[in-house]
Structures are given as structure tokens and as C-alpha cells.
1. Given H placed on each backbone N at 1.01 Å, which residues far from residue 321 in sequence or on other chains put an amide H within less than 5 Å of it?
2. Can you tell me the FRET efficiency between residue 337 and residue 248 if r is taken as the Cβ-Cβ distance and R0 is 41 Å, rounded to the nearest 0.05?
3. Could you derive backbone 3J(HN,Hα) for region 183-189 from the dihedral phi with the Karplus parameters 6.51, -1.76 and 1.60 (θ = phi - 60°), listing whole Hz in sequence and x where the residue is Gly or Pro?
4. So what is the relative contact order of region 1-156, in percent, for Cα pairs below 8 Å that sit 6 or more residues apart?
5. Between residue 122 and residue 326, what length comes free when the chain is fully extended (0.36 nm per residue of separation minus the Cα-Cα distance, one decimal in nm)?
6. If eta is 0.890 mPa s and T is 25 °C, what Stokes-Einstein diffusion coefficient results for region 17-236, Kirkwood Rh from Cα pairs, in µm²/s?
7. Going by average Cβ neighbours within 10 Å, how do the peptides 123-129, 168-174, 230-236 rank, with the highest at the top?
8. Can you compute the FRET efficiency between residue 41 and residue 295 using 1/(1 + (r/R0)^6), with r the Cβ-Cβ distance and R0 = 35 Å? Round to the nearest 0.05.
Amino acid sequence: MSDAWVSFLPGPVPVHPEVSRAFAGPAISHRSAAFHAQMGEVKRRLCDLVVLPNVQILVGSGTLANDAVGAQLSLLPGRGLVLSNGEFGERLIEQAGRFGLAFTPLRSEWGEPLPLDEASQTVEPIEWIWAVHCETSTGVLNDLPRLADLARERGAKLCVDAISSVGNAAVDLSGAWLATATSGKGLAAYPGLGLVFHHDEIAPSPRLPRYLDLGLWAREGGVPFTASSNLLAALERALEIRGAQETQCARLAADLRPRIERLGFSCLAPVESAAPWVLTLLPPAGTNAFVLGERLEAAGFLLSYRSGYLVRRNWLQICLMGEHEASAIGRLVDVLAGWLDTDFVQLPFDLELHQLDRNRQREVDLVVKQAVGRGGVVESGDGDGSGLSRGQAEDQLAAPVRGAVDVVVDRDAVDER
């Protein structure tokens, strides 16, 4: 990546020079006393940050951390609920299906709050609830206290994907049984460490793959396998300096939204439910978000616009995770203001691509149902099943459409997960 580029991606995020220096230090053995001491200090800081007593630090992405949660849930009896109001809720549904969990998915429209009222009214007994705190795809910050209250009322264990919220704001996960985060988003270090917090002590289970067995990690002091001292050192330094970064990002985010809206963009998430550090933008009428993203990239600004779920909806995102400066945000706004006054990006959005979500829902549902025959075990409220997430089904159907407009989409190209 060029040093001249300014990144507003959801991951990897810009890091402080001191974090870069810590990462560049000499590698040390994961069996050394120095490494174990450093691991203990990082775990202490992380637990204090989210108000949970235990954390395991896995070498991998946030998806790996969520897989470790799915593995633990596979050991529980009974059914659960998976709540979704965006792409990453859909991925939890997919991951639950891959583990063969018995559960009911409950969905809200993208950009709307989680269906917590519906969840509270379900009559079946539930053992666990799994949901996303900050839904990165839409910029919605879901109601964590209400989620915790719902779990308590139902006598269920709460699992929280807090990957895009931890580090970006104060997050109290004390009501969660399991929760996940990652090094390369709000904590403003490098990607590569998946964090799994747990409320209770966990025993090893011979039923689980070794790498996903949180009890094994706990029994071995958090270092059962090879680990990266460089990634750990970078995370430690990021945690040491994070207070000032969090305050700065909150201030910048509060200023950015009204400036962007004055240019004619609409923010998908209403102010009252928005995560200020993720702006999912609907561009002005007639503006092609993908073309706009490409032109901004050529001008030195990296925004999130290549993921399949963004392309299909003509959305793009500005994310303020990590280290950012007000001057860079000002330059971005100035460039956008100049371009939107011209026909530079006024290319029509492909109608066939846009109407995939609206007019081909039956085809999507058919693809989802076909997954049952390939081992899917998810049951929805109306008896449909899926071992495939709705986003994946849509990607299968969208492929020929994207080819027709000569757009190559990697749905995870700019997201650490």
C-alpha cells in the first residue's frame, strides 16, 4: 500500500507509528518467559477494557474467533437464536449452520435495529443467543444492554460479535458468556489476532478441533501453539496509547456525518442507532458508488466499496477505525464536493444489479433451500432451512450480473474478517 494513500477502510486500519515500531522489533519465542509475561499483560488490559475476566488470543482473524464461539456452542444442549440485521449477522447464521447447531434465525431489514421484541416473544426454550454488536455492513450499533437483558430474561447464554465495536467506544461485555474482537479494527493494531473473551472458566473438550478448543487455550496459559510476538507487541503498544485515539476518533466521526450529508449522501443508519465510526453511504441520485470508490482510490483515498453486499446495493463506506487526522478527512470531503458538482461519477447504477435484492428474492430463497440437501440444518421461523448464508446465495446469483458489467468483486477484499 502506498504511503500516499489515506485509508478509511474497516480493516486493515491506520496504526500509530509507535505501533509500527513495536511490530518491527525482533521476534521472540512463544515459549520464552518474556513472551508469557507480555501475553499476561495484554490479556489483563483486554479484560479490563471489556469488563470480562478471561480472554484467549488466537492467531487468526475475527472469523476464526467467531468459529471458536460456534465450537463452544456445539457443546451445549438445546436450541438457540441467531439475530441478524446485516451481512455479519448473516455470517453468524452461516457459521452456526456449519457447526450443525439447532437454532432459529431472526432477521430485521438491513439498517434497522435487531428484532429484539420478536426474540423476547418466541415461545420455544432457548439456551443461547448470538448477535453482532456493531453491524459493520450498515453502520448500525445494536443495543447491547437490551441484548444482555433479553438473555437474562430467557435464561440464555449471550454470545456477542464485538469485532467492530471494541476499541471504538466503551464496550461493557459483562453480560456476555462469550464475545469476540480482533486486533486490526478498533484496537488499532495489525490484523492477525482473534480475541475470544469468556465469562466462565472453560474446560478442554476432545470433541472439538484442537485450535478451536478454548479450554485447551486456557489450560495452556493462552499459548498452546506457535504465536506471533510481533503481533502481540503491536497490540500491547496500541492498548497503551488507545485512550487518546478513541477520543480523537469519536470527535472526528461526530463532525464527519453532517459534512457528508450536506454533499447529498444519505447515511443508512439513523443517528440514534448509528455507530459513528462506520458511515454506510447511499450516494446522491445517479452516482455509481463503485465508480466513485475507484476514482477516490486513484486520488489516494481508500474507502470500502468492493464487497459484494456493497456493490449489490450501490453503497460505499467511510470508516474511522485506527489513527486518523482531521486534515485528511477535510481533504476527502473537499474532493467529494468538487466531483459531485460535475458529471465525473454520474454513471447510471446498473438496474439489473440493483434489483437483485428486490426482484429475485424467490431465486435467492431457492438457492438457500438447496443448501439443506448439502447438509444445512438451520431452521427458520417458517420452516425453511439453510446451510448457506443469504449473502452467499446472493453472490451466486449476482455473479453473471457482475460479469456483464465487467466488475470483479471480492466480498471480503477490504474487511479483515
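1. none
2. It comes to 0.95.
3. After applying 6.51 cos²θ - 1.76 cosθ + 1.60, I find 6, x, 10, x, 6, 6, 10 Hz.
4. 18
5. Result: 68.8 nm gained on full extension.
6. Using the Kirkwood radius from Cα pairs, D works out to 139 µm²/s.
7. Highest-to-lowest ranking by the protection proxy: 230-236, 168-174, 123-129.
8. 0.20
Coordinate-derived values only; no laboratory data. These figures come from a predicted structure and were not determined experimentally. We place every Cβ from the backbone using ideal geometry, glycine too, and count neighbours over all the protein chains shown.
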